[in-house]
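Engineer: Quick one: structure below, then a few questions.
Bear in mind these aren't lab numbers, they're just calculated from the coordinates by the rules spelled out. All figures in this text were calculated on a predicted structure; none of them were measured in a lab. For neighbour counting, all protein chains shown are included, and Cβ atoms are generated from backbone atoms with ideal geometry for every residue, glycine included.
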Amino acid sequence: MDKNWSISLEHEEYENNKDLVIKNAINAVEQTGPQFYVNIVTPAAFGEPDSYLTPALTNYFGETINQKFIDQCGCGGFVLLVWKNS
């Protein structure tokens, strides 16, 4: 995707399945074009994504991405911005 975008991974099947959140977050980053970002919204139940999603994405993508925890959104989930360098 050659634009900045957002994906919500916080409801329904994601609420109790951390592995599915990680899998679909990886897919979202893979779909994001170089020099663009994806905002990944994660379930409130898992807490801040820096504790589980950031390390998983770093493991998978290495230095080809930058990540920044943004904040907890009004809906209760958390937002992680992932910038694709290449």
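Engineer: Just the residues that are in contact with a Pro (Cβ under 7 Å, 6 or more places away or on another chain), crowded, with 18+ Cβ neighbours inside 10 Å and under 16 Å from Val29 (Cα atoms), please, taken from region 47-86.
Structural biologist: Passing the criteria: Leu80, Lys84.
Engineer: Going by what's in this entry, would Ser6 be described as hydroxyl-bearing (Ser, Thr, Tyr) and free of Cβ contacts under 8 Å to residues at least 12 places away in the same chain?
Structural biologist: no
Engineer: Within region 1-11, work out how many residues are surrounded by 11 or more Cβ atoms within 10 Å (Cβ to Cβ) and either in a loop (DSSP other than H, G, I, E, B) or not polar (S, T, N, Q) (or both).
Structural biologist: The number of residues fulfilling the criteria is 7.
Engineer: Cβ contacts < 7 Å: first residue touching a residue at least 24 places away in the same chain (Cβ under 8 Å), restricted to region 42-68; second residue in a helix (DSSP H, G or I) and of a type outside the set (A, V, I, L, M, F, W, C), any location; separation 6+ or different chain. Result?
Structural biologist: Note: pairs meeting the criteria are Thr42/Pro49; Pro43/Tyr14; Phe46/Lys18; Tyr52/Lys18.
Engineer: Continuing with this model, one more query. Identify the single condition in (1) at positive phi; (2) charged (D, E, K, R); (3) touching a Ser or Thr at 6+ places or on another chain (Cβ under 9 Å) that Glu10 does not satisfy, given that it satisfies every other one.
Structural biologist: So the condition that Glu10 fails would be (1).
Engineer: I'd like to check something: does region 28-35 contain any residue that is in contact with a Lys or Arg (Cβ under 6 Å, 6 or more places away or on another chain), under 17 Å from Trp83 (Cα atoms), surrounded by 14 or more Cβ atoms within 10 Å (Cβ to Cβ) and in contact (Cβ under 8 Å) with a residue 24 or more places away in the chain? Talk me through it step by step, then tell me what you get.
Structural biologist: Initial filter on region 28-35 (in contact with a Lys or Arg (Cβ under 6 Å, 6 or more places away or on another chain)): 32, 34.
This time we only want the ones that are under 17 Å from Trp83 (Cα atoms), so: 32, 34.
Okay, now just the ones that are also surrounded by 14 or more Cβ atoms within 10 Å (Cβ to Cβ), so 32.
Next, only the ones that are in contact (Cβ under 8 Å) with a residue 24 or more places away in the chain stay: 32.
Checked region 28-35: at least one residue is in contact with a Lys or Arg (Cβ under 6 Å, 6 or more places away or on another chain), under 17 Å from Trp83 (Cα atoms), surrounded by 14 or more Cβ atoms within 10 Å (Cβ to Cβ) and in contact (Cβ under 8 Å) with a residue 24 or more places away in the chain.
Engineer: Residues in region 10-17: is at least one within 13 Å of the chain's Cα centre (by Cα) and touching a residue at least 60 places away in the same chain (Cβ under 8 Å)?
Structural biologist: yes
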